[in-house]
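The values are calculated or read from the model by the stated rules, or taken from the named source; none is laboratory data. Owing to the predicted nature of the structure, the values given are computational and were not obtained by experimental measurement. Cβ coordinates were reconstructed from backbone atoms using ideal geometry, including for glycine residues, and neighbour counts include every protein chain displayed. Ligands, DNA and RNA are excluded from the accessible area calculation, which covers all protein heavy atoms including side chains. Shrake-Rupley method; radii C 1.70, N 1.55, O 1.52, S 1.80 Å.
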Amino acid sequence: MAQRLLLRRFLASVICRKPSQNRWAPLASRALQTPQRSPNNLTVTPSQARSIYTTRVCTTTFNIQDGPDFQDRVVNSETPVVVDFHAQWCGPCKILGPRLEKVVAKQHGKVVMAKVDIDDHTDLAIEYEVSAVPTVPDIKNGDVVDKFVGIKDEDQLEAFLKKLIG
C-alpha cells in the first residue's frame, strides 16, 4: 500500500498536467481507499476515495548522464540551455548551483539548465574548455553564445540569461 502511494505521488509530480481552476488538482483512486471493518469483522470499502492534492511540476534543471545524453538534451535542444559545469568538492559551485537554478526557474521554460559534474564527464569538460569550476556556458542552437567562470549574484545571472533569451 505504501509503495502504491509513493508511486502515485511520484507519477503525479512527474506528469505535467494542466492545472485546474484553482491551483491544486485532486488525484483520487480506488487504490487509495481505506478499507474499514464492520461489526461482523467484514471488510467494507468506503464509497469516497481519499484525494491527494498535487501541483503542476515541470523540471527546468536536469543532470547529464553521459555524452549522448548531453548531445540530445543540450546540443540538439530547441530551448536555450545554461550548462553548469561543477564538482562536488567545489565550494563556490555549491553556492552558485542553487542560485542559478532559482534564476532559471524564474524564466518559466524560456531557458533550461543542465548540470555536468566534471569528475564524471571529463571529456565534456575538455571539449568545452573548462579550466576552472564553476564554469557556465550558454548554449543556443548547439553553439556557445556566452560563458562565465566563478560566482555571480542573482542580478548578474538574470542579465546573463536575458542576453541568451534575447
**Request:** List every residue pair whose Cβ atoms lie under 8 Å apart, where the two residues are 6 or more positions apart in sequence or sit on different chains, the first residue falls within the range 92-113 and is acidic (Asp, Glu), and the second residue, located anywhere, is crowded, with 21+ Cβ neighbours inside 10 Å.
**Result:** 101/113
**Request:** Taking residue 64 as meeting all but one of (1) in contact (Cβ under 8 Å) with a residue 60 or more places away in the chain; (2) surrounded by fewer than 14 Cβ atoms within 10 Å (Cβ to Cβ), write down the number of the exception.
**Result:** (2)
**Asked** For residue 106, which of the numbered conditions (1) in contact with a Phe, Trp or Tyr (Cβ under 8 Å, 6 or more places away or on another chain); (2) open to solvent by 70 Å² or more (accessible area, probe 1.4 Å); (3) charged (D, E, K, R) fails to hold?
**Response** (1)
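Checking the structure you have, find out if any residue of the range 117-132 is under 19 Å from residue 60 (Cβ atoms) and either in contact with a Ser or Thr (Cβ under 7 Å, 6 or more places away or on another chain) or surrounded by 14 or more Cβ atoms within 10 Å (Cβ to Cβ) (or both).
Looking only at the range 117-132, we keep the residues that are under 19 Å from residue 60 (Cβ atoms), and these are 117.
Next, from what is left, pick out any that are either in contact with a Ser or Thr (Cβ under 7 Å, 6 or more places away or on another chain) or surrounded by 14 or more Cβ atoms within 10 Å (Cβ to Cβ) (or both): 117.
Checked against the condition, which is being under 19 Å from residue 60 (Cβ atoms) and either in contact with a Ser or Thr (Cβ under 7 Å, 6 or more places away or on another chain) or surrounded by 14 or more Cβ atoms within 10 Å (Cβ to Cβ) (or both), the range 117-132 yields at least one hit.
Name the one entry in 138, 66, 143, 84 that is out of contact with any Cys (no Cβ under 7 Å at 6 or more places or on another chain) and farther than 22 Å from residue 163 by Cα. Reasoning before the result, please.
Values: 138 fails: farther than 22 Å from residue 163 by Cα; 143 fails: farther than 22 Å from residue 163 by Cα; 84 fails: farther than 22 Å from residue 163 by Cα.
From the options 138, 66, 143, 84, the qualifying one is 66.
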**Residue count, the range 127-163 (criterion: touching a Lys or Arg at 6+ places or on another chain (Cβ under 9 Å) and at positive phi)** = 1
**Item:** Selection from the range 133-166 of residues that are in a helix (DSSP H, G or I), open to solvent by less than 80 Å² (accessible area, probe 1.4 Å) and of a type in the set (Asp, Glu)
**Value:** 154, 158
